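Quick notes on the structure that follows.
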């Protein structure tokens, strides 16, 4: 394990300066970010598999959130500018990768921060970039799915961009590997240690059908629909 960690750290320090900030799909920068993300995950024994087709830019992806690997897993398939809690920016290695990937950091519990983040999201969507967000507002305990906060979808509505749910599922030999997700109160480094010790994980990225805005239900209905579609893939009660 120490040798593997040295390899990972060395690779990060060598490659991160080469990654352009917020590369767009179809560019050399996006290809570099995707390839580097896949290599990073393979060093942790994680193989990434895509299910379904992601929409073309611009689109807002909304995904479930259970692991520190989630951002890197999606980058390994489809680069997008993530919205993530500010703490991730301070995590070793992962924080560097997130910043290079164009992540928009949000200070949880701050309405001022959320308003600023949503303005940036709308601007980037209007500019033709794609955004990915975790509407649960944080990682959920293994085997659970929190309520999806609908307010964040307003950025897509303001920009006239579609919203596509994405189900992130970790499995081992086809069986959900919920034991590798964050346990209540578990630290980042402790979870990293468990992932390293486990190996042979598959990260499934399921791109689901877009959710449609309905005037009667509004963004709340959109959030509930996205959550229900993701819950079905994860085998959870909606």
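The values are calculated or read from the model by the stated rules, or taken from the named source; none is laboratory data. Keep in mind that what you see is a predicted model, and the values were worked out from it rather than measured. For neighbour counting, all protein chains shown are included, and Cβ atoms are generated from backbone atoms with ideal geometry for every residue, glycine included.
If we scan segment 166-189, do we find a residue that is surrounded by fewer than 20 Cβ atoms within 10 Å (Cβ to Cβ), out of contact with any strand residue (DSSP E or B) (no Cβ under 9 Å at 6 or more places or on another chain) and on the phi > 0 side of the Ramachandran plot? Scanning segment 166-189, I find at least one residue that is surrounded by fewer than 20 Cβ atoms within 10 Å (Cβ to Cβ), out of contact with any strand residue (DSSP E or B) (no Cβ under 9 Å at 6 or more places or on another chain) and on the phi > 0 side of the Ramachandran plot, so the answer is yes. Look at (1) under 17 Å from the mean Cα position of the chain (by Cα); (2) more than 13 Å from residue 64 (Cα to Cα) and you find that residue 196 fails only one, number (1). Restricting attention to segment 32-69, the residues that are modelled with pLDDT of 90 or more, touching a strand residue (DSSP E or B) at 6+ places or on another chain (Cβ under 7 Å) and not in a strand (DSSP E or B) add up to 6.
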